[in-house]
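Just below is one structure, and these are the notes that go with it.
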Amino acid sequence: MTAAPKSSSAAVARGPATFDRDLRGIVDTVLRLAKSFGVAETEVHVDETISALTRFANNAIHQNVAEHTVSVSLRTQIEQRTARVTTNRTDEDSLRAAIEATLSLASSQPKNSNLLAMPGMQKYRTVNRYAKQTAALTPEDRARAVRRACDLAVKRGQNAAGIFSCAQSQSAIGNSRGLLATYRDTHAVFSVTIQEGTAASWAKENAANVGQIDTQQLVRRASEKAHRAKDALELSPGRYTVILEPAAVLDLVGFLFYDFAATALQDQRSCFNDRLGKQLFGKNITIEDNVYHPLQLGAPYDGEGIPRQRVLLVNRGVPTNLVYSRSSAKAAKKRPTGHGFVLPNEYGEAPMNLVFSGGKASLQEMIASTGRGLLVTRLWYIREVDPYEKIMTGMTRDGLFLIEKGQVVSAVRNFRFNQSILEMLRNVELMGPAVRATGEEAFEMVVPAMKVRDFHFSEATKF
Amino acid sequence: MYDLASLALDTARIRRASYSDVRVMHLRQRDLTTKNGRVGTLVQSESIGLGIRVLADGAWGFASTDRLTREGVAACAAQAVSIAKASARAKREDVVMAPENAYVDSWQSPFRKDPFELPLETQLALLLSADAEMRRVKGVTLTETDMQFRKIDSWFASSIGSRIHQRKVITGCGLVATSFQGDEIQKRSYPNSFGGQHALQGYELVESLDLLKHAPVIAEEAVALHAAAQCPQKSGTLILGGSQLGLQIHESIGHPIELDRVLGQEANFAGTSFLTLDQLNNLRYASDIVNVVADARLEHGPGLGTFAYDDEGVPAQCTDIIKSGQFRGYLSNRETAHLIGLNRSSGTMRTESWNRLPIIRMTNVSLQPGTWTFEDLLADTDDGVLMETNRSWSIDDRRYQFQFSTEIGWEIKGGRRGQMLKNPSYSGITTEFWNSCDAICNREHWTLWGTPNCGKGQPMQTMGTGHGASPSRFHNVRIGAAFSKQ
């Protein structure tokens, strides 16, 4: 846990922007004002974010943006009624108006006998996810990296598109029962798509410390795969052994997030309804939620300020535990795990820091062990077709390759898949070491590459 | 607000920006939900701030701030100029903008009942009553309702002299009944899935939906789906209900015609488009009876893509997209219009908020009504499947191959609606699908549907778009592939 810095100078036109809001001061002000209204219980979240993103396409920067935002989100609770109001105005008059608005909203609804009193002071584990190097990144720094990416693409007769972004944020949560938690972090993302004719490939990484991202290595990887993606064969759809790179695994299994929520089971909309404790996946599948994992990011507390616990969700293929907010924990007679969303909400909670146990096989070993199969770079536009069997549909994108006799032999036109995640996690033959993966459909997670048999492709597209 | 906007423009000009535009925006939103007879979400939010886009050294820069003081705004404008100069380090050519006139105007979307001024108790009581009507049906295991209201004020100012204030009021409302039995979860929504219907209207939209009448109907259908026959796997005739067709238009016409996507500017995220520039006026996109427009004007209807001016200060327009089946037009902005031989933007630059850069967006991309009544369309169909209310949607990153599934379907046999079908789905290739359209229902069946959750851009922006559609028929469509095993 890091303390919120004291307020500093106003936003400047040159050099990196710095935090300039006293979050604890705003928390104290809201709690003091709410007390003057006679409010029984008040909770306040304050967030300050400074972010910038450079976007490039056709080997040139075409968008380049920066923002500096603050939000104050407060909830009052009185006589078993609660409501939330969020504003980005931090002067006392505006905060007073926001408190009055919550009281007006809250008083307009029936009492909720399930509403719990706010939690008191908590203890938190320290996490350090703030990197000065990321906070100090300038538009010129980003432009230089983009220029190098575009120069490489131009040299190889290719076309580069992508983003290079950086952000720093600080947040605080406090309530009238003495709870106070603060957190700050940084976040950098580099993503690149390289096109060569109608072929394309892609690479992306994110990290708290921008120094851990080798942007040119990502560009080279995408460039080489885009070159190999030319002259794609058209194969018949059907069931194939696939080797899913970590981004493909992430974007698919990310759709299991909400199913691990106790509230989803109480609502009977989870695929784990009537399946907890059963051998649902292969014995090589173990999944936990662990915000403290060294490859994870995020605050060590939830929307009510409850410390996040490490939770073993799937043990050797058996869904074993769920995550709980305070409310769902009370309903299930369990202890909250620190995964609740900001109240009020109807979804309860979700694990936000999934970590797969993974395996030891390298990507090359997986390819070498495959008689005939497909190597999948990433998946795209994934949507749920069947919520209980967890059948997902989507497309392969940016690099699908045929493997024969242990070698990548050709590019393949993209397929549509209709695949149950439950079935897929029963069919995992090999896994690589779990890595921090980033895609476009799910939160970042720590997942391995997977070799999966009988993956179902239903149709092919035109490229 | 114009004082701050002018200060930003002056600061940018002094720092040698050749063009700049500013949006000061104040956004207010209220969300109400219920679940299983209790209030779920009850939240309200507001956000106010300023974003400035500048052209300097031939390249773009954008910065935004919520510090609406003279110092905060001046610093923000200066930051935008320095970002533009950094952009110029990796430019290929200078940005050229199509000419546009300066406008001084003020516009408000028409509404009869301001949802923010009506008693919240009334709104919650209606949702809780609808929730109770659904829960009355045995077998329903989860009931959800929602209302969403937005009020957006924007003050646009540009260095060519425009000063435009617009106020929009947006309302959305919907119901969902879910039933879990055995090994199936089935769901029905009204009037549409994923939040219901959304429009540029006031509370009169909610009152027009007659929630209490429809709540038990969808609840009974959700339960009945468990016993329904599985949708067959075949190639055949498909009739789509209006809301599903609206999403089909969104994905397979609306997105491919975005000129930034066509030009590769979304290649890293949202994807590109099969509609390369050589296809304009040459591609047979659809059958002769298909006419599609992108129309942001109020006379098209109170859609989520309706406005008086876009966020680049260009007046709302109606653009032919598909005329008698031929591909006729793209969605463009001042920067890209000249690339398709136009001397003016089609007025489609839109931003989610003050802290986001305007990008090319759908307005109301609508299929013009045809001539059929729905009854005649069914009577004319000997063997087909009718599908209604979206359950899932997916399309490749060049917008060729799509697959949709819907919440419910019915067999059509001998011109009559037959048995209910569960888990319906269909798939195809965009131009093959639209060329198989042989019947479109008339204006009596036409609704301007709202899609409130269209994501695009980096950083991601969510935008509302409108899609007018009436039930329509398609031939030789692949049906049921989502549940195929081989």
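Coordinate-derived values only; no laboratory data. Remember, it's a predicted structure, so these values are computed and weren't measured experimentally. Positions of Cβ are backbone-derived with ideal geometry, glycine not excepted, and every protein chain shown enters the neighbour counts.
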Test item: B:60-71 mean partner chain Cβ contacts at 10 Å: 5
Would you calculate the separation in nanometres between label points at B:PHE116 and B:ARG443, each defined as 7 Å from the Cα along the Cα-to-beta-carbon direction? 3.4
Quick check for segment A:231-463: number of Lys pairs with alpha-carbon distance under 17 Å, counting only pairs 8 or more apart or on different chains? 5
Roughly speaking, what is the centre-to-centre gap between segment B:1-66 and segment B:463-484 when only Cα atoms are used, to the nearest Å? 36
For segment A:117-274, how many pairs of lysine residues have a Cα-Cα distance under 25 Å, where the two are 8 or more positions apart or belong to different chains? 6
Dipole axis of the protein assembly as shown (+1 Lys, Arg; -1 Asp, Glu on Cβ), positive-most option in B:VAL104, B:TYR285, B:GLY51: B:GLY51
Globularity ratio of the protein assembly as shown, using Cα Rg and 2.2 N^0.38 Å: 0.90
Along the charge dipole of the protein assembly as shown, Cβ charges K/R +1 and D/E -1, which of B:GLY182, A:ILE287, B:PHE433 sits furthest on the positive end? A:ILE287
Are there trypsin sites (Lys or Arg not before Pro) in segment A:84-141 that DSSP marks as loop and that have at most 14 other Cβ atoms within 10 Å, and which are they? A:LYS111, A:LYS123, A:ARG125
Size of charge dipole - chain A - debye, nearest 20, with Cβ of Lys, Arg +1 and Asp, Glu -1, no other charges: 820
So if we plug the beta-carbon distance of B:VAL104 and A:LEU295 into 1/(1 + (r/R0)^6) with R0 = 60 Å, what FRET efficiency do we get, rounded to 0.05? 0.65
Total charge dipole magnitude, segment B:229-483, about the Cα centre, Cβ charges on Lys, Arg, Asp, Glu only, Debye to nearest 20: 220
Quick one: compute the contact order of segment B:220-281, relative version, from alpha carbon pairs under 8 angstrom and 6+ residues apart, as a percent. 19
Provide the FRET efficiency to the nearest 0.05 for the A:ASN209-A:ASP28 pair, computing r from the beta carbons and using R0 = 30 Å. 0.40
Residue-averaged 222 nm ellipticity for chain B, from DSSP H runs of 4+ at -39500 (n - 2.57), nearest 500: -5500 deg cm²/dmol
Residue (of B:LEU211, B:SER87, B:ILE164) at the positive-pole extreme of segment B:2-227, dipole from beta-carbon charges: B:SER87
Assigned charges on the beta-carbon of Lys, Arg, Asp, Glu; segment A:152-272 dipole about Cα centre (debye): 220
Based on the alpha-carbon gyration tensor of segment B:2-227 and its eigenvalue square roots a ≥ b ≥ c, which shape applies: rounded if a/c is under 1.5, prolate if not and a/b is larger than b/c, or oblate? prolate
By its C-alpha gyration tensor, with a ≥ b ≥ c as the square roots of the eigenvalues, how is segment B:5-50 shaped: rounded for a/c under 1.5, else prolate for a/b larger than b/c, else oblate? prolate
For the pair A:GLN217 and A:ARG413, what calculated FRET efficiency results from E = 1/(1 + (r/R0)^6), where r is the Cβ-Cβ distance and R0 = 35 Å, to the nearest 0.05? 0.80
Mind listing which trypsin sites (Lys or Arg not before Pro) in segment A:306-388 are in a DSSP loop and have 16 or fewer other Cβ atoms within 10 Å? A:ARG310, A:ARG316, A:LYS333, A:LYS334, A:LYS360
DSSP loop trypsin sites (Lys or Arg not before Pro) in segment A:386-456 with at most 10 other Cβ atoms within 10 Å of their Cβ, which ones? A:LYS405
Give me a single rounded figure for B:452-464: the average over its residues of other chain Cβ atoms within 10 Å of their Cβ. 2
Taking a point 7 angstrom from the Cα of B:LEU212 along the C-beta vector, which residues in segment B:96-128 have backbone N less than 15 Å away? B:122-128
The aspartates and glutamates whose Cα lies under 18 Å from the Cα of B:LYS35, excluding any fewer than 8 residues away in the same chain, are A:ASP259, A:ASP267, A:GLU346, A:GLU349, B:GLU121, B:ASP131, B:GLU133, B:GLU144, B:ASP146, B:GLU220
Reduced to Cα centres, the span from segment B:87-123 to segment B:283-323 in Å works out to 16
Gyration tensor (alpha-carbon) shape descriptor, segment A:10-135, a/c threshold 1.5: prolate
Distance (nanometres) between label positions extended 7 Å along Cα→Cβ at A:ASP151 and B:ASN476: 5.3
